[in-house]
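The values are calculated or read from the model by the stated rules, or taken from the named source; none is laboratory data. Every value quoted in this text rests on a predicted model; they were computed, and no experiment measured them. Here the Cβ positions follow ideal geometry from the backbone for every residue, glycine too, while neighbour counts run over all protein chains shown. Note: areas computed on protein heavy atoms with side chains; ligands, DNA, RNA excluded. Shrake-Rupley method; radii C 1.70, N 1.55, O 1.52, S 1.80 Å.
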Amino acid sequence: MSSPVRCLVTGASGYIGGRLVPELLGAGYTVRCMPRDAGKLSDRPWSADVEIAVADAVDDESAVRCALEGVDVAYYLIHSLGTDASFERRDRAAAGIFAAAAKAAGVQRIVYLGGIISGQAGELSPHLRSRAEVGDILLASGVPTAALQAAVIIGSGSAPFELLRYLTELLPAMVTPKWVDTRIQPIAVRDVLRYLVGSAALPADVSRRFDIGGPDVLTYAEMMRRYAGVPGSRRG
């Protein structure tokens, strides 16, 4: 009898990672989490059901290598925060270390969640540019990689949803900035999780980017009207 597939989840203390872990466990996978601080996972209801391998993807190459030993599928959900140029350097370094360690450990698949890339590199925001570069690094690792690219992820507790709720419920009238007319293809968090879990079983010869999104292309203004239940708009 073959042993269960072992998945490593980075970013398990974050919005997506924290929801992905129980989905993987429910699908029958063995899960190992790679936090920088094990204490951040201690209050999770699933913490007793996973392995913990503490490592900092930027500063501790040997710990990253150890975390990836014996892993079949590695989920890369690491994104640096910040507004200065150093966050791009950190993202680049972490992705490079992880890619090399995954290859050396014999990982069979990397699954990465980034952002949809539209337009030329020079037109992207620094954060989208960095996420695109991380995808390039992982895809060039020599490990089959599924780079999922989402625009706006909607779900209770997600930053886009909370911003939408704040603007709609607390500000009955406002002068809207230009970005509310930007067209996007939002996706529900439950669908993102379904794609992430499903990516673990992709054929070995599949290594590419996948744009993921919901059925509707909307502007932020249209999303706000739907949330508010404005007549003529659909909510849900």
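Amide H contacts of residue 9 (H built 1.01 Å from N, in plane; Pro and chain starts excluded): 32, 33, 34, 75 sit under 5 Å, all sequence-distant by 5 or more or on other chains.
Here r is the Cβ-Cβ distance between residue 54 and residue 15 and R0 is 22 Å; the resulting FRET efficiency, rounded to 0.05, is 0.60. A simple packing score, the average count of other Cβ atoms within 10 Å per residue, orders the peptides 5-14, 47-56 as 5-14, 47-56, with the highest score first. Shown is the FRET efficiency for residue 37 and residue 185, computed with R0 = 41 Å from the Cβ-Cβ distance and rounded to the nearest 0.05: 0.75. Couplings for the stretch 26-42, taken from phi via the Karplus curve 6.51 cos²θ - 1.76 cosθ + 1.60 with θ = phi - 60°, read x, 7, x, 7, 8, 10, 10, 9, 10, x, 6, 9, 4, x, 6, 10, 5 Hz in order; Gly and Pro are left as x.
Each residue of the stretch 88-95 is assigned a 3J(HN,Hα), and the resulting list reads 5, 5, 5, 4, 5, 5, 5, 5 Hz, derived from the Karplus form 6.51 cos²θ - 1.76 cosθ + 1.60 (θ = phi - 60°), x at Gly and Pro.
Rounded to the nearest 20, the Cβ-based charge dipole of the stretch 1-96 about its Cα centre (Lys and Arg +1, Asp and Glu -1) stands at 140 debye.
Ligands, DNA and RNA are left out, and with a 1.4 angstrom probe the accessible area of the stretch 11-55 is 48 Å² per residue.
Between residue 205 and residue 46, the distance separating the two model label sites (each 7 Å from Cα on the Cα→Cβ line) works out to 3.2 nm.
These residues, 62, 86, go from largest to smallest accessible area, 1.4 Å probe, as 62, 86. Placing pseudo-labels 7 Å out from each Cα toward the beta carbon at residue 195 and residue 125 gives an inter-label distance of 1.8 nm.
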